[in-house]
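> Below is one structure. I have some questions about it.
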Amino acid sequence: MTFIDISEYNGVVDFNGVKSDGHEAVFCRHSDGSYDDKKCDSYIRSASDIGLLVGIYHFARTESKNFKSDIERSYNYCVSHDLDLKYALDLEVPESNAIIGSETTTLPNGKKLVKYTLKPGAKKKLETVINNIEYADSVMKDDYIVYTGRSFVDMFSLVGEFYNRFLKILNSKPIWWAHYTLAKKPTISQGMKRWDAWQYRGNAFPQFNIPAGKCSGISTAVDLNTFNDDTSISKFLHR
C-alpha cells in the first residue's frame with residue numbers, strides 16, 4: 001500500500017489522478033507551528049469523497065513557546081474530524097546544522113579526523129525539544145505516528161540521556177521514516193527497532209541522482225510513501 005502527503009504548496013490536486021496511480025491514502029498538512037494550512041479542509045473533503053483514507057500531519061516547531069498549544073489544537077482537529085489515519089507528528093526542526101558543529105584534526109599521515117560537537121547553547125535547545133516531545137507523547141499517548149529522519153534523530157546522540165529518552169518514544173510508536181535513497185530500504189538510526197512507513201521520494205536531489213516524486217493529478221514534486229508490511233498499515237489506522 002502506498003500513500004502521499006501534501007500541503008498547500010502542492011496547489012490544486014486532482015485526487016482521481018492520485019487514486020489512479022494506486023495510492024490508497026493521503027496525509028494533509030494541518031499546520032506548521034501556529035500556522036494553519038489553507039488547503040487542509042478542502043483536501044480532506046475531496047480525498048474522502050473518492051474513497052481515499054485521510055489523515056493529517058503537524059509540522060512541529062519544537063523550540064516554540066507555542067509548541068504545546070499547537071499540539072493540542074492540531075490533535076483536537078484530528079480527533080474531532082474522526083479521520084481514518086492517526087495524527088502524524090512531523091519532527092524535522094531544529095535542523096542538525098543549528099545544533100551540531102564539527103572540529104577537524106589533521107593526523108600525521110595526512111588523514112582528517114572529524115569530531116562532531118554541540119554548538120554553544122545547543123544542549124539547552126535539545127532539552128527544550130525533548131521536553132516538548134515528551135509533552136506531546138503525554139497528550140496523545142498511543143494515538144499518533146512519529147514522522148522523522150536521521151538528521152533529526154541523530155543530533156540527540158551527542159547527549160546520551162536525551163537520546164535514550166527519545167528512543168523510548170520512537171520504539172513505542174509507529175514510525176514514518178524519511179530517507180531519500182536509491183536503495184531498496186531505508187537506513188534507520190542506531191537503537192531504533194524498525195520503521196513502519198518510508199517516505200522515499202519528495203524534492204529532487206540531482207547530486208545523488210534522486211528524482212523528484214511524481215503523482216498523477218499533482219503538477220509539483222510530491223512526497224511518496226510506502227508501508228513496510230501489513231502490520232505497519234494497521235498501526236496507522238485510526239479505527
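> In the P(r) worked out for the chain, what percent of Cα pairs fall beyond 26 Å?
Taking all Cα-Cα pairs of the chain, the fraction more than 26 Å apart is 40 percent.
> Rounded to whole Å, give me the distance from the Cα center of region 196-228 to that of region 1-80.
Distance between centres, Cα-based: 17 Å.
> Sticking with this structure for a sec: By how many degrees, 0 to 90 and rounded to 10, does the Cα axis of helix 40-49 deviate from the longest principal axis of the chain?
Relative to the chain, helix 40-49 is tipped by roughly 50 degrees.
> Against the longest alpha carbon principal axis of the chain, how many degrees, from 0 to 90 and to the nearest 10, is the axis of helix 160-170 turned?
20
> What longest range of the chain stays clear of loop-exposed GluC sites (Glu not before Pro) (DSSP non-H/G/I/E/B, at most 16 other C-beta within 10 angstrom)?
For GluC sites (Glu not before Pro) (loop position, at most 16 other Cβ atoms within 10 Å), the longest site-free span of the chain is 96-239.
> Between Rg and the Kirkwood Rh of region 151-204, both from Cα atoms, what is the Rg to Rh ratio?
0.99
> Further, regarding this structure: In the chain, what percentage of the DSSP-assigned beta bridges are antiparallel, given to the nearest 5?
Of all bridge pairs located within the chain, approximately 45 percent are antiparallel.
> Still on this structure, I have one more. Could you state the angle between the C-alpha long axis of helix 122-140 and the longest principal axis of the C-alpha atoms of the chain, as a value from 0 to 90 degrees rounded to the nearest 10?
Result, in degrees: 30.
> Which of rounded, prolate or oblate describes region 101-224 when judged by the alpha-carbon gyration tensor and an a/c cut-off of 1.5?
Taking the square roots of the gyration eigenvalues as a ≥ b ≥ c, region 101-224 is oblate.
> Next up: Return the inverse of the average 1/r over all pairs of distinct C-alpha atoms in region 20-127, which is the Kirkwood hydrodynamic radius, in Å to one decimal.
For region 20-127, inverting the mean 1/r across all distinct Cα pairs yields 16.7 Å.
Any read-out appearing in this document is the output of simple, stated calculations on the displayed coordinates, not a laboratory observation. This is a predicted model, so every value here is computed, not measured. Glycine gets a Cβ as well: all are built from the backbone with ideal geometry, and neighbour counts include every protein chain shown.
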